[in-house]
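See structure below.
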Amino acid sequence: MTYDDSAVSGSGWSTFSGVFLAVVGIFNVIDGFVALFRKEYFNEAGLVFENLQAWGWAYLIIGIVQLVAGWLVISRNEAGRWTGLVVAIISMIVSFLAIGAYPWWAILTVVMNGIVVYGLTARWEK
């Protein structure tokens, strides 16, 4: 196997993480809007805190921050990497706490955020 000096080592992971972070952000924005405007899709009694309005706003804010962080990661911004890492972990926790309301969607977002965390920590170089 030969090493190609023209390729930036780790740049594939950076791009992957940024794009995937943005996709998870889009999912969380959708989740937030649905929680705010289509309450019938959720089992509100299954939430740890039974205020679906607060969950909707939380997901909406997390999703917007993830979209911005995804753009920053794609731009190879170090602040974007750390913002993305923190917001992905927060999103994993929030999704886990909401697993009773919509289990399959919550599991999907936990897994996707886990992939983002792996991508942002496995191999990062400017």
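The values are calculated or read from the model by the stated rules, or taken from the named source; none is laboratory data. Please read these numbers as outputs of a predicted model, since none were measured by experiment. Because the Cβ atoms are built from the backbone with ideal geometry, glycine has one as well, and the counts that use them run over all protein chains shown.
Name the one entry in 101, 79 that is small (Gly, Ala, Ser) and either closer than 18 Å to residue 22 by Cα or part of a helix (DSSP H, G or I) (or both).
Just a single option satisfies the conditions, and that option is 79.
Can you tell me which residue is nearest to residue 68 (Cα to Cα) among those in the range 80-109 that are among the β-branched types (Val, Ile, Thr) and buried (at least 17 other Cβ atoms within 10 Å of the Cβ)?
Checked the range 80-109; the qualifying residue nearest to residue 68 (Cα to Cα) is 83.
Before we move on, is residue 69 touching a residue at least 24 places away in the same chain (Cβ under 8 Å) and surrounded by 20 or more Cβ atoms within 10 Å (Cβ to Cβ)?
The answer is yes for residue 69.
So if I check each of 12, 32, which one is at pLDDT below 90 and more than 24 Å from residue 119 (Cα to Cα)?
The match here is 32.
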